[in-house]
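Novice: Attaching a single structure in structure tokens format; questions to follow.
The values are calculated or read from the model by the stated rules, or taken from the named source; none is laboratory data. Values in this document were obtained by computation on a predicted structure and should not be read as measured data. FYI the Cβ positions are ideal-geometry reconstructions off the backbone, even for glycines, and counts take in every protein chain you see. Areas reflect the complete protein model, heavy atoms only, side chains present, ligands, DNA and RNA absent. Shrake-Rupley method; radii C 1.70, N 1.55, O 1.52, S 1.80 Å.
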Amino acid sequence: MAKENLVVIFGGRSSEHEVSCISVQTVAKGVDLEKYNMTLVGITKDGRWLKADNIESIADGSWYDSKVTAVISPDTRRELIIFSDAGVERQKVDVIFPVLHGMYGEDGTIQGLFEMADIPYVGCGVLASAASMDKFYTKIIVDHIGVSQARFVPVLAEDFSDIDSAMDRVEAELDYPVFVKPSKAGSSKGVNKATDRASLLYALNEAVKHDNKILVEETIVGRELECGVLGYKDNTKASGVGEILAAAEFYDFDAKYNNAESRTVIGADIPKEAENEIREDAVKIFKALDGFGLSRVDFFLENGTNRVVFNEINTLPGFTGISMYPMLWNAQGYDIKTLVTTLIEMAKER
């Protein structure tokens, strides 16, 4: 049986570019090369598309020096167009695995390109990607499916013309401390905790650097738990529940990727009722957002009450060596090769 042509796209223009370059190494090593001819295409931070020679070139960063450009054509002939000194080559594409975290990779934009080109691709579609990337719209949808989540107040960029009124609105609805989050920033970029009006002003000014829509949320004091989702529609299932033990006060970007003392626990020691609720809610949220393929859904287990509170959903979770999603599924019998193959086969079923 002839091999299919798989294009794995990594890097990207978001602030999570480096993390994507780490995740893709895990994904690429999991590709079954007996079934797929794999082509690696990296997107630089300034938006250039370059063909990478191999996984090693990603690990050492030499792919940035590639002289070969490779772009997906929106034409429905399903082609990767490769430009080199030797000329132009057109390579048929059977399926794409985008390993792109954050904006311009996880927000529906590149998924729209794949849809235009009529190429099967791993992961959530345009709507699910866009709605899940924007925490504000995620909350609106989750509000309608009976899942508990933190109360929030939106603050828009135009509100900064009268920031005192915006802060008055926050203080009227929420008690300190509060968390301030850019609506569409990934990996906790631009997230800060505010304990009074002065720190709220600081946090809002930091968040608006990342997005023109900001969420100010009530603080939920509890354990940070995560659940993996795999599948689509009625074929969706949830993994077990993992716990984040952050080395910092909260699990921000540095705590997640730069602090070796942050730990993940697979098989969180929580009440069975809470575990079941988390797993059921994860699937419910995924389906409400029209998810496909994979997502990681994050929750809090509130101290004292054991109330399960939805935090956020990530439609392209990390695949680094410390990432929860592949570890959760490994515990369910999906080693990385099985997981990657399953996701690729799902993409073709779509």
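Novice: Which number in (1) surrounded by fewer than 17 Cβ atoms within 10 Å (Cβ to Cβ); (2) touching a Phe, Trp or Tyr at 6+ places or on another chain (Cβ under 7 Å) marks the one condition that Glu273 misses?
Specialist: (2)
Novice: Could you please find all residues in region 284-307 being touching a Leu at 6+ places or on another chain (Cβ under 8 Å), farther than 25 Å from Ala347 by Cβ and surrounded by fewer than 23 Cβ atoms within 10 Å (Cβ to Cβ)?
Specialist: Phe300, Arg307
Novice: Taking region 95-134, which residues are of a type in the set (D, E, K, R) and open to solvent by less than 30 Å² (accessible area, probe 1.4 Å)?
Specialist: Looking only at region 95-134, we keep the residues that are of a type in the set (D, E, K, R), and these are 106-107, 115, 118, 134.
The answer is Glu106, Asp107, Asp134.
Novice: Do you know which residues across region 1-50 are within 13 Å of Ile72 (Cα to Cα) and either open to solvent by 60 Å² or more (accessible area, probe 1.4 Å) or at pLDDT below 95 (or both)?
Specialist: Arg48
Novice: Pairs please, first residue from region 92-111 and over 17 Å from Thr138 (Cα atoms) and touching a residue at least 24 places away in the same chain (Cβ under 8 Å), second anywhere and surrounded by fewer than 24 Cβ atoms within 10 Å (Cβ to Cβ) and acidic (Asp, Glu), Cβ atoms under 7 Å, 6+ apart in sequence or on different chains.
Specialist: From residues that are over 17 Å from Thr138 (Cα atoms) and touching a residue at least 24 places away in the same chain (Cβ under 8 Å), the pairs are Lys92/Glu79; Val93/Glu79; Asp94/Glu4; Val95/Glu4.
Novice: Also: Cβ-Cβ distance below 7 Å, separation of 6 or more or different chains: which pairs start in region 135-152 with a residue that is closer than 14 Å to Ser183 by Cα and end on one that is outside any helix (DSSP H, G or I) and among the aromatic types (Phe, Trp, Tyr)?
Specialist: Listed pairs, sorted by first residue: Lys139/Phe152.
Novice: With respect to Asp281, is the statement that it is open to solvent by less than 60 Å² (accessible area, probe 1.4 Å) and modelled with pLDDT of 95 or more true?
Specialist: So Asp281 passes the test.
Novice: If Ala203 meets every condition in (1) more than 22 Å from Arg151 (Cβ to Cβ); (2) at pLDDT 95 or above apart from one, which number is that one?
Specialist: Failing condition for Ala203: (1).
Novice: Having 3 or more residues that are touching a strand residue (DSSP E or B) at 6+ places or on another chain (Cβ under 8 Å) and under 25 Å from Thr315 (Cα atoms) is the bar; report the strands (runs of 3 or more DSSP E) wholly within region 143-222 that clear it.
Specialist: Of the strands (runs of 3 or more DSSP E) lying wholly inside region 143-222, those with at least 3 residues that are touching a strand residue (DSSP E or B) at 6+ places or on another chain (Cβ under 8 Å) and under 25 Å from Thr315 (Cα atoms) span 152-156, 178-182, 213-218.
Novice: Does region 37-47 hold any residues that are farther than 13 Å from Val99 by Cα and touching a Ser or Thr at 6+ places or on another chain (Cβ under 9 Å), and which are they?
Specialist: Of everything in region 37-47, just one residue is farther than 13 Å from Val99 by Cα and touching a Ser or Thr at 6+ places or on another chain (Cβ under 9 Å), namely Lys45.
Novice: Also, I was wondering about something else. Inspect region 235-255 for any residue being more than 20 Å from the chain's Cα centre (by Cα) and at pLDDT 95 or above and give the result as yes or no.
Specialist: Yes, there is a match, as at least one residue in region 235-255 is more than 20 Å from the chain's Cα centre (by Cα) and at pLDDT 95 or above.
Novice: Going through Leu316, Leu339 one at a time, which residue ends up being of a type outside the set (D, E, K, R), more than 25 Å from Val221 (Cβ to Cβ) and not in a loop (DSSP other than H, G, I, E, B)?
Specialist: Being of a type outside the set (D, E, K, R), more than 25 Å from Val221 (Cβ to Cβ) and not in a loop (DSSP other than H, G, I, E, B) holds for just one of Leu316, Leu339, which is Leu339.
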